[in-house]
1. Restricting to the stretch 84-98, and then to whatever is touching a strand residue (DSSP E or B) at 6+ places or on another chain (Cβ under 7 Å) and surrounded by fewer than 19 Cβ atoms within 10 Å (Cβ to Cβ), can you tell me which residue is farthest from residue 13 (Cα to Cα)?
2. Which residue, of 220, 226, is in contact with a helix residue (DSSP H, G or I) (Cβ under 9 Å, 6 or more places away or on another chain), within 28 Å of residue 133 (Cβ to Cβ), surrounded by fewer than 20 Cβ atoms within 10 Å (Cβ to Cβ) and modelled with pLDDT of 95 or more?
3. Starting from residues that are surrounded by fewer than 20 Cβ atoms within 10 Å (Cβ to Cβ) and in contact with a strand residue (DSSP E or B) (Cβ under 7 Å, 6 or more places away or on another chain), keep the ones in the stretch 188-209 and report whichever is farthest from residue 127 (Cα to Cα).
4. Quick check: is even one residue across the stretch 37-51 in a loop (DSSP other than H, G, I, E, B) and within 22 Å of residue 226 (Cβ to Cβ)?
5. For the stretch 99-110, name all the residues that are surrounded by 21 or more Cβ atoms within 10 Å (Cβ to Cβ) and not in a loop (DSSP other than H, G, I, E, B).
6. Can residue 90 be described as touching a helix residue (DSSP H, G or I) at 6+ places or on another chain (Cβ under 7 Å), part of a loop (DSSP other than H, G, I, E, B) and at positive phi?
7. Would you mention how many residues in the stretch 167-182 are touching a residue at least 12 places away in the same chain (Cβ under 8 Å) and either over 26 Å from residue 104 (Cα atoms) or assigned to a helix (DSSP H, G or I) (or both)?
8. Out of the residues in the stretch 21-33 that are free of Cβ contacts under 8 Å to residues at least 60 places away in the same chain and part of a helix (DSSP H, G or I), which is nearest to the chain's Cα centre (by Cα)?
């Protein structure tokens, strides 16, 4: 199905100011993310820029950037605004939100995020991977997803998200990866909703959709990209993406 890939980015960040412009092997982080999203071949890619400096580096790299209001409250709002500016006629039925701080993103994850939308009852799709590192089970920085995967299935309903370990009992646990494929109508609805009780309690925006009766599903993938939130994360990304010697 036709998809528009949108990477939201702005310079304001508490833990790592000017994060999108942080250099990794001589290129801004946002350029790394944009390039990997393009390599997914899942649809055209635009960067929803909250600042002119971000738009400038994307255009210099050969990409398309759309300026959005820097005061927008979230990445989802920025994605919606950019999609409406770039595609006011609604040509694209699906809009994929790829976070701009995933420089090690494997392109296949972008394409995988759309697959649960093959079910017409699903409003929003995302991706998860099995947690294989013991420390992640208790790390509140790692968001866990409760997904009902039937035996042998690689997509299933996403029922809840938490920073704590869910569900209880024996079995696999899943690391949520912050890529979302919205049906266009679902995205338009989502950005009109006010923050909800569980969203604010868990500090997880996706719970707003679930609390408002929107149906989410997840695709199971086998790799987890590094999210860059701190200077230590940035140094790790530089090492992971350093040219082979």
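The values are calculated or read from the model by the stated rules, or taken from the named source; none is laboratory data. The structure displayed is predicted, hence computed values, not measured ones. Note that we place each Cβ from the backbone using ideal geometry, even for glycine, and neighbour counts take in every protein chain shown.
1. Taking the stretch 84-98 and keeping what is touching a strand residue (DSSP E or B) at 6+ places or on another chain (Cβ under 7 Å), we get 85-87, 92-98.
After this cut, where a residue has to be surrounded by fewer than 19 Cβ atoms within 10 Å (Cβ to Cβ) as well, the list is 85-87, 93.
Values: 85: 25, 86: 25, 87: 28, 93: 31 Å.
Of everything passing the filter in the stretch 84-98, 93 is farthest from residue 13 (Cα to Cα).
2. Working: 226 fails: modelled with pLDDT of 95 or more.
Answer to the selection: 220.
3. So, considering only residues that are surrounded by fewer than 20 Cβ atoms within 10 Å (Cβ to Cβ) and in contact with a strand residue (DSSP E or B) (Cβ under 7 Å, 6 or more places away or on another chain), the one farthest from residue 127 (Cα to Cα) is 202.
4. Within the stretch 37-51, the subset in a loop (DSSP other than H, G, I, E, B) is 40-44, 50-51.
Imposing the further condition that a residue be within 22 Å of residue 226 (Cβ to Cβ) reduces the set to 40, 42.
Yes, because at least one residue in the stretch 37-51 is in a loop (DSSP other than H, G, I, E, B) and within 22 Å of residue 226 (Cβ to Cβ).
5. Matches in the stretch 99-110: 109, 110.
6. Details: touching a helix residue (DSSP H, G or I) at 6+ places or on another chain (Cβ under 7 Å): yes; part of a loop (DSSP other than H, G, I, E, B): yes; at positive phi: yes.
Considered against the rule, which asks whether it is touching a helix residue (DSSP H, G or I) at 6+ places or on another chain (Cβ under 7 Å), part of a loop (DSSP other than H, G, I, E, B) and at positive phi, residue 90 comes out as yes.
7. Residues of the stretch 167-182 that are touching a residue at least 12 places away in the same chain (Cβ under 8 Å), as a first pass: 167, 172-182.
Restricting the remaining residues to those that are either over 26 Å from residue 104 (Cα atoms) or assigned to a helix (DSSP H, G or I) (or both) gives 167.
Number of matching residues: 1.
8. First, pick out the residues of the stretch 21-33 that are free of Cβ contacts under 8 Å to residues at least 60 places away in the same chain: 21, 23, 26-28, 31.
Then drop every residue that is not part of a helix (DSSP H, G or I), which leaves 21, 31.
Numbers: 21: 18, 31: 16 Å.
Here the residue is 31.
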